[in-house]
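Following: one structure in structure tokens, then a few remarks.
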Amino acid sequence: MTERSILQKRRDQAEAIKPIYKEMTRVLGVERARDILESAIRQAAVAEARTYADRDGDTSLAGFVDLLGEWNADGAIETEILHIGDDRFDFDVTRCRFAEMYREMGLGEIGHLLSCNRDGAFCEGYDPGIALERKQTIMAGAERCTFRYRYVKDG
């Protein structure tokens with residue numbers, strides 16, 4: 001059986017989340033619904049990252065860089081690699097089909113919760129020594145996403 005791409009998985013998740021989120025906002029209000037969604041997605045990202053770490057064994061920055069191909073599957077993101085080294089990995093996303101997809105689904109206002117906020121949380125679960133700094137995202141209206149990963153041995 002062929003593994004679904006991350007883009008396909010996120011679409012499936014968003015389709016399931018959409019009516020739940022709509023009901024949560026009706027019952028709890030937008031702010032509380034978003035807080036709950038953010039927390040749940042963050043926890044899921046950490047757990048997913050632990051699965052990758054267990055699978056891969058190598059949680060160095062080089063091992064982490066190898067994961068980029070999985071995020072690129074189905075043309076989900078187009079990237080411009082700026083630097084790859086033992087302690088630094090910098091790239092920009094110049095096209096994000098996740099953002100496009102969420103907007104098409106009517107979920108643009110929570111797309112950052114469904115995808116972008118996973119990125120830093122993923123680092124925590126994969127290897128706490130990897131940290132992400134990102135100053136802008138396409139999801140928030142910028143022309144590109146700026147991914148700046150740093151690796152500090154032993155977190």
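The values are calculated or read from the model by the stated rules, or taken from the named source; none is laboratory data. What you see is a predicted model, and the numbers here were worked out from it, not measured in a lab. Ideal geometry is used to build each Cβ from the backbone, glycine not excepted, and the neighbour counts take in all protein chains shown.
Going by the structure shown, is ALA142 small (Gly, Ala, Ser) and modelled with pLDDT of 95 or more? Walk me through how you get there before you give the answer.
On the way: small (Gly, Ala, Ser): yes; modelled with pLDDT of 95 or more: yes.
Judged against the criteria, ALA142 is a match.
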| Within segment 1-39, which residues are among the small types (Gly, Ala, Ser) and surrounded by 13 or more Cβ atoms within 10 Å (Cβ to Cβ)? | SER5, ALA14, ALA33
| message | Being in contact (Cβ under 8 Å) with a residue 40 or more places away in the chain, part of a strand (DSSP E or B) and hydrophobic (A, V, I, L, M, F, W, C) is the filter here; which residues of segment 127-155 pass it? | response | ILE130, CYS145, PHE147
| remark: Checked segment 43-64 for anything within 17 Å of ARG150 (Cα to Cα) and not aliphatic (A, V, I, L, M); matches are ASP58, THR59, SER60, GLY63, PHE64
| task | Please indicate, with yes or no, whether at least one residue in segment 44-58 is over 30 Å from HIS83 (Cβ atoms), part of a helix (DSSP H, G or I) and either at pLDDT 95 or above or touching a strand residue (DSSP E or B) at 6+ places or on another chain (Cβ under 9 Å) (or both). | result | no
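Please tell me if MET101 is over 16 Å from GLU80 (Cβ atoms), in contact (Cβ under 8 Å) with a residue 24 or more places away in the chain, assigned to a loop (DSSP other than H, G, I, E, B) and not hydroxyl-bearing (Ser, Thr, Tyr). Give the steps one after another, and end with the answer.
Numbers: over 16 Å from GLU80 (Cβ atoms): yes; in contact (Cβ under 8 Å) with a residue 24 or more places away in the chain: yes; assigned to a loop (DSSP other than H, G, I, E, B): no; not hydroxyl-bearing (Ser, Thr, Tyr): yes.
Spelling it out, it is not the case that MET101 is over 16 Å from GLU80 (Cβ atoms), in contact (Cβ under 8 Å) with a residue 24 or more places away in the chain, assigned to a loop (DSSP other than H, G, I, E, B) and not hydroxyl-bearing (Ser, Thr, Tyr).
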| Options ALA40, ALA33: the member that is free of Cβ contacts under 8 Å to residues at least 40 places away in the same chain and more than 24 Å from GLU3 (Cβ to Cβ) | ALA33
| request: Considering (1) touching a residue at least 60 places away in the same chain (Cβ under 8 Å); (2) charged (D, E, K, R); (3) over 14 Å from GLU109 (Cα atoms); (4) out of contact with any helix residue (DSSP H, G or I) (no Cβ under 7 Å at 6 or more places or on another chain), say which one ARG4 fails and leave the rest. | output: (1)
| request: Determine which single condition ASP86 fails, assuming it passes every other condition in (1) closer than 19 Å to LEU67 by Cβ; (2) outside any strand (DSSP E or B); (3) within 15 Å of the chain's Cα centre (by Cα). | output: (3)
| query | When the residues of segment 70-129 are filtered to those that are among the polar types (S, T, N, Q) and touching a Phe, Trp or Tyr at 6+ places or on another chain (Cβ under 6 Å), which remaining residue is farthest from ARG42 (Cα to Cα)? | reply | THR79
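So which of ALA142, ALA99 ends up being buried (at least 21 other Cβ atoms within 10 Å of the Cβ) and out of contact with any Lys or Arg (no Cβ under 8 Å at 6 or more places or on another chain)? Can you show your working first?
Values: ALA142 fails: buried (at least 21 other Cβ atoms within 10 Å of the Cβ).
It is ALA99.
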